[in-house]
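Structure, as structure tokens:
The values are calculated or read from the model by the stated rules, or taken from the named source; none is laboratory data. Since the model is a prediction, treat every value here as computed from it, not as a measurement. Here the Cβ is made from the backbone with ideal geometry for all residues, glycine too, and neighbour counts use every protein chain on show. We work out accessible area using only protein heavy atoms, side chains counted, and drop any ligands, DNA or RNA first. Shrake-Rupley method; radii C 1.70, N 1.55, O 1.52, S 1.80 Å.
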Amino acid sequence: MKLKMRFLKRIFFFALLALQFSLLLAQSPINLRTIRFAVWAELDAYPGLYEKSDDMLSYTRTRIKNLSEFLMEGMVNGWKFVYTPSDKLRGVEEYLEILPEVPFTEHDKAKLRYSDQFFEENKVTVWCEYDRSDYQIQNYKLWSGIQNPVIKGRGLGKISDGFEGIETAARNALKEAVRARYRAEIKNKPKEISGSVLIRNPPLVGITEGQYAIFLDFFLERDRIIKYTTY
């Protein structure tokens, strides 16, 4: 009974998350020039961080900065990925590698702006903004062309892992999106799938059952699928 209730709670959480995400898209048209989304970090995850002074918040802000750069890089330039599905019969373990299409330069990082900081219970939240250049706007328009399908995924990561927990959740969201896409296309498990994605809309991050949950949608540009030639 408890397991069933947990399952129903998780389904309700993700349904609510997806609903919030769809409402966000319906109410807020994509701003091609300025990207803006909220990022946050817990204060009680760090011993001694009980005062809201600049010194005490320095580590938390560093964490927020790292998270912002990671997600913004995926929205501005995109990520390359290599995915190997698990295959127990062949003794192959699941593997996913993500690399930036074009790594953020120091100039890109300097363009990030943080504003509207506020505290709520044990969290500090700020809004992160970045202005695309004319070239980056044109790049987004190329990604959004009809030839690049949209894929969506939800991922989980441990809160205890800090920034790495949200990064893990984002990786899992990409992995779920890629798997859902190719399960419908490929009859037999491939050896490897590689391609590129661009995060299409601001990420939606929440917490469920002690884990980060992130919902991401992407434009997909497939490079290649390698099939097993022999068993």
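Things worth noting here:
- On inspection, Val124 passes the criterion of being at pLDDT below 90, open to solvent by less than 40 Å² (accessible area, probe 1.4 Å) and in contact with a Leu (Cβ under 9 Å, 6 or more places away or on another chain).
- Within region 165-199, if we keep just the residues that are among the aliphatic types (A, V, I, L, M) and part of a helix (DSSP H, G or I), the residue that is nearest to the chain's Cα centre (by Cα) turns out to be Ala170.
- Residue selection: Asp131 satisfies the criterion of being within 28 Å of Ala177 (Cβ to Cβ) and modelled with pLDDT of 90 or more.
- Applying the condition of being open to solvent by 80 Å² or more (accessible area, probe 1.4 Å), out of contact with any helix residue (DSSP H, G or I) (no Cβ under 8 Å at 6 or more places or on another chain) and assigned to a strand (DSSP E or B) to region 100-116 and asking which residue is farthest from Tyr228 (Cα to Cα) yields Asp116.
- Per-region count, region 66-96, residues open to solvent by less than 70 Å² (accessible area, probe 1.4 Å) and under 17 Å from the mean Cα position of the chain (by Cα): 18
- Restricting Leu24, Leu89, Leu32 to residues that are modelled with pLDDT under 80 and either in a loop (DSSP other than H, G, I, E, B) or farther than 24 Å from Ser133 by Cα (or both) narrows the list to Leu24.
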